[in-house]
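The values are calculated or read from the model by the stated rules, or taken from the named source; none is laboratory data. Everything numeric here is computed off the predicted structure, so don't read it as measured data. All Cβ positions, even for glycine, are placed from backbone atoms using ideal geometry, and neighbour counts span all protein chains on display.
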Amino acid sequence: MSVMDKRQVKTKHKLADAILSLAATKSVSEITVSEIAQLAEINRSTFYQHATSAADLLQSTLRAELDAIRNQYLVFIDGSAEKAVANVTAAVLDHVERNAEIYRRGLGNESAVGSLHAVLVNHFSESIQILYSQQTLLESVPTNFNQQLAEEMSANYVAYGTVGAYVSWLNSPEPRQKAEFLKIFDALTPAWWPRTSGQ
C-alpha cells in the first residue's frame with residue numbers, strides 16, 4: 001500500500017470515528033462539516049473528498065460496517081445457511097446496539113434527511129438476494145410465480161419487517177436482551193426463513 005493510500009485509509013477511519021461520535025450525541029441534521037473536520041483533524045476540502053454531507057458520511061460509515069459483517073458471515077457460507085443467517089443477524093443486532101443512539105434518531109419519525117431506514121432495508125434486501133443467488137432460499141418461492149419478482153418481494157418483505165423489529169427493539173427499555181429479540185424474531189418471520197435464535 002502506497003503512502004497516499006495509507007493516508008486515505010487513516011483519514012477515512014478518522015472521519016468514521018468523528019461522525020459516529022457526533023451522531024451519538026445529536027441529530028445528523030445538526031452536525032456541521034466544520035465540526036466533523038475539526039474532530040477528525042482534517043480540513044473541509046479533505047472532508048469533501050470523502051463525503052458530500054454529514055448525513056452522507058454517516059450513512060456510508062454504517063454501510064461499510066454492515067458490508068463487513070455480511071462479507072464475514074454471509075458471502076461465502078461455510079456450513080449451513082441457517083447458521084450463517086443466525087450469525088449475521090446476531091452480528092447486525094450487536095452493530096445496532098453499539099450504535100443505539102444513532103439508530104434511534106435515524107430510524108425515528110423525525111429523522112428526515114438523516115434517515116437510516118433505507119440503509120438497513122437495502123442491506124437486508126441485498127443480503128437476502130445473496131442467499132437466493134446461493135440457492136439457499138429457493139423453497140420460499142413457489143415455482144408457479146414469476147421467480148424474479150417473487151424473490152424481490154420476499155426480500156423486501158423480510159427486510160422491511162426486520163427494520164421494523166429493530167425499531168421496536170431500540171425503543172424497548174434497557175437492559176435489552178438479544179436472546180429475547182432473536183426468539184421473538186423467529187416467531188414472527190415466515191416458516192421458510194432460517195431460524196436465528198438457535199432454537
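Annotations for the structure displayed:
- Residue, modelled with the lowest pLDDT, within region 81-96, restricted to residues that are closer than 12 Å to Leu131 by Cα and small (Gly, Ala, Ser): Ala81
Listed here are the residues, each with its yes/no results for (1) among the polar types (S, T, N, Q); (2) in contact (Cβ under 8 Å) with a residue 12 or more places away in the chain.
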site	(1), (2)
Lys10	no, no
Ile31	no, yes
Ile42	no, yes
Thr46	yes, yes
Leu62	no, yes
Ala68	no, no
Glu82	no, yes
Ala86	no, yes
Val96	no, yes
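- First in region 172-199 and at pLDDT 90 or above, second anywhere and acidic (Asp, Glu), Cβ under 9 Å, 6 or more apart: Arg176/Glu97; Lys178/Asp94; Lys178/Glu97
- Qualifying helices (runs of 4 or more DSSP H) (wholly inside region 1-111; at least 1 residues being surrounded by 18 or more Cβ atoms within 10 Å (Cβ to Cβ) and either among the hydroxyl-bearing types (Ser, Thr, Tyr) or in contact with a strand residue (DSSP E or B) (Cβ under 8 Å, 6 or more places away or on another chain) (or both)): 54-73, 81-98, 100-106
- The requirement of being of a type in the set (A, V, I, L, M), over 22 Å from Ala54 (Cβ atoms), modelled with pLDDT of 90 or more and in a helix (DSSP H, G or I) is fulfilled nowhere in region 120-134; no residue meets it.
- Residue selected from region 143-171 under the condition of a type in the set (S, T, N, Q) and surrounded by 12 or more Cβ atoms within 10 Å (Cβ to Cβ), by the criterion nearest to Leu120 (Cα to Cα): Thr162
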